[in-house]
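Here is the structure we will look at.
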Amino acid sequence: MDTSELRKAVEEVEIVDAHAHNIVSLHSNLSFIHAFSEANGQALTFSPNSLSFKRNLRDIAELYRCEISLQGVEEYRRVSGLQSISSSCFKAARIAAILIDDGLQLDKKHDVEWHKSFIPFVGRILRIERLAEEILDEGLPDGSSWTVDSFTKAFLSKLKSVAGEIFGLKSIAAYRSGLEINTNVTNNDAEDGLRQTLIAGKPVRIANKNLIDYIFLRSLEVAQSYDLPMQIHSGFGDKDLDLRLSNPLHLRAVLEDKRYSKSRIVFLHASYPFSREASYLASVYSQVYLDFGLAIPKLSVHGMISSMKELLELAPLNKVMFSTDGYAFPETFYLGAKKSREVVFSVLRDACIDGDLSVPEAVEAAKDIFARNAIHFYKISPANSVINSHSNLSQNLSGDLDIDVSLVRVMWVDGAGQHRCRAVPKKRFNDVVVKNGVGLAFAVMGFSSHMDGPAEGSGLTAVGETRLVPDLSTLRRIPWNKEDEMVLADMCVKPGEAWEYCPRDVLRRASKILKDEFDLEMIAGFENEFILLKMLKREGKEEWVPFDSSPYCSTSGFDSASPVLHEVVDSLHSLGIAVEQIHGEAAKGQFEVVLKYTICTKAADNLIFTREVVRAIARKHGLLATFIPKYALDDLGSGSHVHLSLWRNGQNVYMGSGTSSKHGISTLGREFMAGILQHLPSILAFIAPLPNSYDRLRPNTWSGAYLFWGNENKEAPLRASSPPGTLDGLVTNFEMKSFDGSANPYLGLATILAAGIDGLRRHLPLPEPVDTNPNPETLQRLPASLSESLDALHKDDFLKEFISEKLLTAIKAIRKAEIEHYTKHKDAYKELIHRY
């Protein structure tokens, strides 16, 4: 039988290493002999007599062309240096991507970023037990003792905050208390386990079974919620584990529990010596996958081949994945890759000889095992750099990855706050767009809400093109259409040089000024109000009407919209966007999604994704979701209220430092607010950009119609806020009520920053708060129309440093065009439900 095609495929495929650890400095106290064995102490002295040691040492010496001895290899490493040997090992291994569990504590280990010098793509796996230990070691900010409730809150908050940045979670429960997880562990059990763990002192090492089981189950819930896989150590390892308790069969209670039926679990290390048991589980449980790292290359040749064959006895081929379990030493990555190619070829060749597979089927199986399975399982998308100009993985897999992502939507927000995109086939995105961007006519940034043509006087015409260059940090798989991805784009003159009209760059530059001058960051969290509409046919005409008429926070209204709202929250979680609250609002068919606060540039990105999610999920359910400021003139409007605060070195410095702070706000906070309050009339042209916006900003509608601020005053356009848990007398943030869903969030937040910076520079005093219903006889009315706000903008020059004159001219022209159109066409605002 001719298996040359199979050998060629196995040798040429660029592989995805789905489970590995950090490399350490040559000066680490971890001796090189640990590259060959899991043993420690006196047992390690016997490892040179093992079959795998002798074989692996010989393979490394042949790679380095040095003396075949431990001393010879160590000398070569010392003379060559870490950069050189790492380059040699990874080049020979032909690894295209690595996922690193950086929770293994190693002396002088390099961070995840360091490894990117050698591998086209490096992602992170988060070890849950290590995260829990770090949280407990840090302690609570107020110095109080941990309870299971406070620990759970901190632990889950941290997990969710990084969910969008990692590729999976990992548990070493097998090392600590075994895999027989108690799915009915209670809070009281966990509380007792936490107490015993803390009594043992610091540094914390969690070994109590109740606490381990509790952490595992809560983490699995988060993993399931964010569609993240969970890697689980199983089978052999160092002597810390009880091998009897690391049999994957012990996890059956979890696998049978319907609460975790949608989880995705991967057993590591081929579960050796329980490879057959793992194979069985993968065959009967849809959520179980297998990884054979560590078994290869730590076993003998016979052991590696027999373990691999046992895995494939029952397990589906598309559930088995390669990894090196490389750690500390680049040689471990090389050995894992080299021996895996040899073993997989041997096993698949035998399967062909035995008649289990044809040669073409074996070729496909090799590509699946070495790359495709992990790419799909861990959702490593092409644009994450696994398949890019640095790697030939896509070609080596014969284009089969096209099944994973067909189109990438390159998105931007125009001067009128409208979301737009261009969709690009994934191959072109990887080959061309990532580097060079997509061409876009200058005129597009001058479009108004009523016409896809540049506003008169905007200075933007049919002449000239900008480049939409994707910001790969924002690349996300589309939750409602998992074959596609979306990415936010910067507008550039050329790659690396921002176009002066780019809204994202405007916000970045304003944020940089705040950081450079005051060492501050503005943190933002949006509350997104929207209305769900359903279609009715009346007298042969189609009409969109509110989904229901239930009152504020109605339970029945929430029930009726629950399928939509649940899917919205799930979709946002899958994008790494944390939802703090969701409820029915006061207008007919109105709901609100509250997002967790974050750095303002990311908050703007999250807002764009949230609007996309809400509209798309509503469409999926046959509804239309609109963020229009005022859907019905006789009902309440929809805002996009934003909560703001100032932070320095991870601390909220907007909040006062004690009861002596005036109004519970720091001096910095008061000056920042004062600047915003002074410039609010002109800021409105950015955060309330439509004539329809001012139908919302009316007295007695909790939207902020007069120029003042107040403590927890819902009628104030700037409301000082003290959420539950805030110390008495202190304020943690302030809310801006005027911001609405038609605003470009980048430009809106940039103007707020600019105004706040002006307040800081001039040390503006904050007026006394108004903590009663506003009196129109004593308070200045904020602009009651877009015309009035545009007039205020013409008279105010504080933005010149922050927004280019050309962009300001374009924005003013767009606003003027809006005023003229909606003045002439009184009912035209009704069409805005299809644009916002």
*Among Ser271, Leu312, Ile523, whose Cα sits farthest toward the positive end of the charge dipole of the chain (+1 at Cβ of Lys/Arg, -1 at Cβ of Asp/Glu, about the Cα centre)?*
Leu312
*Using only the Cα atoms of the chain, build the gyration tensor, take square roots of its eigenvalues as a ≥ b ≥ c, and label the shape rounded, prolate or oblate: rounded if a/c is under 1.5, else prolate if a/b is larger than b/c, else oblate.*
prolate
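Normalising by the residue count of the stretch 407-508, find the relative contact order in percent from Cα pairs under 8 Å and 6+ residues apart. Spell out each step's value before the answer.
Values: 189 pairs, mean separation 27.1, N = 102.
Reported as a whole number, the value is 27 percent.
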*With +1 on each Lys and Arg Cβ and -1 on each Asp and Glu Cβ, and nothing else charged, work out how big the dipole of the stretch 111-193 is about its Cα centre, in Debye to the nearest 20.*
480
*asked:* Can you tell me the orientation of helix 745-762 relative to the chain, as the angle in degrees between its alpha-carbon axis and the longest Cα principal axis, to the nearest 10?
replied: 70
*In the full protein assembly as shown, how much of Lys494 is accessible to a 1.4 Å probe, in Å² to the nearest 10?*
110
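Quick check for you: with a 1.4 Å probe and neighbouring chains kept, what is the accessible area per residue of the stretch 407-508, in Å²? Let's see the in-between values first.
Numbers: 4030 Å² over 102 residues.
With all protein chains present, the stretch 407-508 gives 40 Å² per residue.
So what is the relative contact order of the chain, in percent, for Cα pairs below 8 Å that sit 6 or more residues apart? Walk me through the numbers on the way to the answer.
Values: 1685 pairs, mean separation 85.3, N = 836.
Relative contact order comes out at 10 percent.
Can you tell me the dipole magnitude for the stretch 260-315 around its Cα centre, using point charges on the Cβ only (Lys, Arg +1; Asp, Glu -1), in Debye to the nearest 20? Please report the intermediate quantities before stating the final value.
Working: 5 positive and 4 negative charges, 25 e Å.
So the magnitude is around 120 debye.
Okay, helix-only estimate at 222 nm for the chain: each DSSP H run of n ≥ 4 adds -39500 (n - 2.57), divide by all residues, round to 500 deg cm²/dmol; what do you get?
Values: 25 runs with 309 residues, N = 836.
Result for the chain, helices only: -11500 deg cm²/dmol.
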*Working from Cα positions, state the angle (0 to 90°, nearest 10) between the long axis of helix 187-199 and the longest principal axis of the chain.*
70
*Can you pull the percent of the chain's accessible area that's carbon plus sulfur, 1.4 Å probe, other chains left in place?*
50
*Roughly how tilted is helix 148-162, in degrees to the nearest 10 and between 0 and 90, from the longest Cα axis of the chain?*
90
*Charge sum, other residues only, whose C-beta stays under 10 Å from Ser271's C-beta, Lys/Arg counted +1 and Asp/Glu -1*: -2
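Taking a threshold of 24 Å on the Cα-Cα distance, which of the pairs Lys596/Lys662; Lys379/Lys512; Lys588/Lys714; Lys170/Lys515; Lys309/Lys482 fall above it?
Details: Lys596/Lys662 27 Å; Lys379/Lys512 33 Å; Lys588/Lys714 20 Å; Lys170/Lys515 36 Å; Lys309/Lys482 33 Å.
As for pairs spanning more than 24 Å Cα to Cα, those are Lys596/Lys662; Lys379/Lys512; Lys170/Lys515; Lys309/Lys482.
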*For the stretch 407-508, build the charge dipole from Cβ charges (+1 Lys, Arg; -1 Asp, Glu) around the Cα centre, then report which of Trp480, Ala441, Leu460 sits farthest towards its positive end.*
Trp480
*Would you check the accessible area of Trp146, probe 1.4 Å, heavy atoms only, in square angstrom rounded to 10?*
30
*What net charge is computed for the residues neighbouring Lys339, neighbours being all others with C-beta under 11 Å from the C-beta of Lys339, Lys and Arg scored +1, Asp and Glu -1?*
+2
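Could you work out the relative contact order of the stretch 529-591? I mean the mean sequence separation of Cα pairs under 8 Å and 6+ apart, divided by the number of residues, in percent. Before the final figure, lay out each step's value.
Details: 78 pairs, mean separation 27.6, N = 63.
With pairs under 8 Å counted, the relative contact order is 44 percent.
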_Rounded to the nearest 10 Å², the accessible area of Val122 at probe 1.4 Å_ = 10
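Could you tell me which of rounded, prolate or oblate describes the stretch 4-378, using a ≥ b ≥ c as the square roots of the eigenvalues of the alpha-carbon gyration tensor, with rounded for a/c under 1.5 and, failing that, prolate when a/b is larger than b/c and oblate otherwise? Could the numbers behind the result be given before it?
Working: a/c = 1.83, a/b = 1.31, b/c = 1.40.
Note, shape of the stretch 4-378 comes out oblate.
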*Simple Cβ-charge dipole of the stretch 407-508, Lys/Arg +1 and Asp/Glu -1, about Cα centre, in debye nearest 20*: 500
*Determine the order of His573, His250 by accessible area, beginning with the largest, at a probe radius of 1.4 Å.*
His250, His573
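The values are calculated or read from the model by the stated rules, or taken from the named source; none is laboratory data. As the structure is a computational prediction, the values presented were derived from the model and not from experiment. Methodologically, a virtual Cβ is constructed for each residue, glycine included, from the backbone with ideal geometry; neighbour enumeration extends over all protein chains shown. To get the accessible areas, we keep the full protein, side chains included, count just its heavy atoms, and leave off ligands, DNA and RNA. Shrake-Rupley method; radii C 1.70, N 1.55, O 1.52, S 1.80 Å.
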